[in-house]
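The structure appears below as structure tokens.
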Amino acid sequence: AASHVEDISESSYDILAIDTVNSQKLRPLLADIVTNTDFFKYYRLDLYGRPCPFWSDEGMCGNRACAVDTIDDEDHLPEIWRSEYLGRLSAGSTIESDDLDDALGDEAEESCVRDNDLHAPVLPQSRPMDYCTPEDVSGDGPGVYVSLVNNPERYTGYVGPHANKVWEAIYTENCFPDNSQWSYVSQPSHQFTSAVGRPLGQALMEGNKQRIREGGERGRHALNSENTCIEKKVFYKLISGMHASISTHLCNEFLDTETGEWGPNLDLFMEKVGNFPDRIANVYFNYGLVAKAVAKLRHYLEDFTFCTNAQGYDADTRRKMLRIAVEADRSVPNHFDAKGMFRDQPELKEEFRSRFVNVSRIMDCTGCDKCRLWGKLQVTGYATALKILFELPDDCTGQNIQLQRMEMVALINTFDRLSKSVSSISMFLKMLAHPESIP
Ligand code: FAD
């Protein structure tokens, strides 16, 4: 199991394969589904109602860029997302089968549709299978609706000790007891120099591979020196990869305060991510892990119904989702051995789960609304991937998926975020190789 987990982040072949399938197949599919379907465009979460459980809320970001535009007027939402409608569903009713057949056309096989997530009680604590605290999904709870498209993840100016403290809490407050080396194991490595305009994977194959490996080894060394088990390494990689992905986005959509224009900031990217090969490798590791979870969903999707518009349920969204799941299964290297996890130490599973739940609670300490929105969404996305990988059986055809609607939205948007990171990393390396092309 150990080598399997490491393979996906260390093998330059896998990085090349991910780079190729991402740019040629999954990037366009993911960008399309998160931008053009109502189901994946809107998210409901408890953005303001949960105080930071670990320290008092100081250091809130007052920048305009930190603010979130919430949807206060439900008339601006597709009907299916409105409280009245959610309330109807959560009361246990089903969509009339005639309406559904109209919406699904020839594809419709279901006689009625239950939206499982809306039947799930909103619990203050995570449920036994959850890897995060559930978001508010009820129509009349404290949650707010947001359009993810209208609130893009980008540079907000949320910097300094408060932001650092949240990351530190994520890395250190969640240390497994016998390991004090969770945080900041990576060290700056050499600059990438030989990626002459080639895609990242190719560049890695040809020259930077060794550097990626060296950086990864350094990070691993710190963990290995503690004789760290694979489960803890995976936990660290997940957090570090998420952190690196968030950093990549804010560097890619950075606000130049002098010109007032948004655009990539190569120096900042190198400072935060590019000079740390293990952080790049962890982004790819997360991509592989989330892809594997999405691929596993392909059988479940037959029974999962999406709704995207006033007409009800939309087979088109399901088709798009299926294409992504099939492509993730067919083309993304699948070395992550979920079954190997917790085999030797089953008791670690509960520890792993509860610590990931803790990470989701720390997100409420983030002092910037926009960062909190995307932080919470991505933690929920990873938690959903873990739930799918560790809790759902493989022979899943016909079984109840037991996923909340918001978990599905978070999962696919997190996949999209990773996909965007992978293409941004590739772009930054090209910029590095061609400094003359930077305006
Ligand atoms: P930080 O990114 O705060 O990192 C702190 C320390 O962690 C670093 O000094 C380094 O030692 C270590 N470290 C950094 N990256 C990694 C890694 N990948 N793996 C392991 N260790 C690492 N800002 C925005 O502009 N837009 C956003 O959308 C946004 N979202 C955020 C979401 C969350 C949940 C949080 C906590 C912060 C967010 N921020 C966002 C702030 C941003 O992440 C940084 O905290 C901020 O830019 C300051 O960066 P920094 O260079 O001081 O180091």
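State which residue pairs qualify: first residue within 19 Å of LEU373 (Cβ to Cβ) and inside the stretch 27-45, second residue loosely packed, with under 15 Cβ neighbours inside 10 Å and of a type in the set (Ser, Thr, Tyr) in any location, beta carbons under 8 Å apart, and separation of 6 or more residues or different chains.
So the pair list comes out as LYS41/THR35.
Considering (1) within 20 Å of the chain's Cα centre (by Cα); (2) surrounded by 21 or more Cβ atoms within 10 Å (Cβ to Cβ), say which one PHE276 fails and leave the rest.
(1)
Name the strands (runs of 3 or more DSSP E) wholly within the stretch 244-334 that hold at least 2 residues that are modelled with pLDDT of 90 or more?
Numbers: elements: 254-256, 261-263, 307-309.
Qualifying strands (runs of 3 or more DSSP E): 254-256, 261-263.
Take the conditions within 30 Å of CYS61 (Cβ to Cβ), out of contact with any Gly (no Cβ under 8 Å at 6 or more places or on another chain), more than 16 Å from the ligand (Cβ to nearest atom) and touching a residue at least 24 places away in the same chain (Cβ under 8 Å) and apply them to ILE438. Does it pass?
On the way: within 30 Å of CYS61 (Cβ to Cβ): yes; out of contact with any Gly (no Cβ under 8 Å at 6 or more places or on another chain): yes; more than 16 Å from the ligand (Cβ to nearest atom): yes; touching a residue at least 24 places away in the same chain (Cβ under 8 Å): yes.
Answer is yes for this residue.
Considering only the stretch 250-302, state which residues are within 30 Å of LEU386 (Cα to Cα), small (Gly, Ala, Ser) and without any contact (Cβ under 8 Å) to a residue 40 or more places away in the chain.
Hit for the stretch 250-302 is ALA295, nothing else.
Among (1) under 19 Å from GLU135 (Cβ atoms); (2) of a type outside the set (Asp, Glu); (3) modelled with pLDDT under 90; (4) buried (at least 16 other Cβ atoms within 10 Å of the Cβ), where does ALA103 come up short?
All conditions are met except number (1).
Among the numbered criteria (1) touching a helix residue (DSSP H, G or I) at 6+ places or on another chain (Cβ under 8 Å); (2) more than 8 Å from the ligand (Cβ to nearest atom); (3) at pLDDT below 95, which single criterion is violated by ALA222?
(1) is the only condition that ALA222 fails.
The values are calculated or read from the model by the stated rules, or taken from the named source; none is laboratory data. Because the structure is a prediction, the values reported are computed rather than measured. Cβ coordinates were reconstructed from backbone atoms using ideal geometry, including for glycine residues, and neighbour counts include every protein chain displayed.
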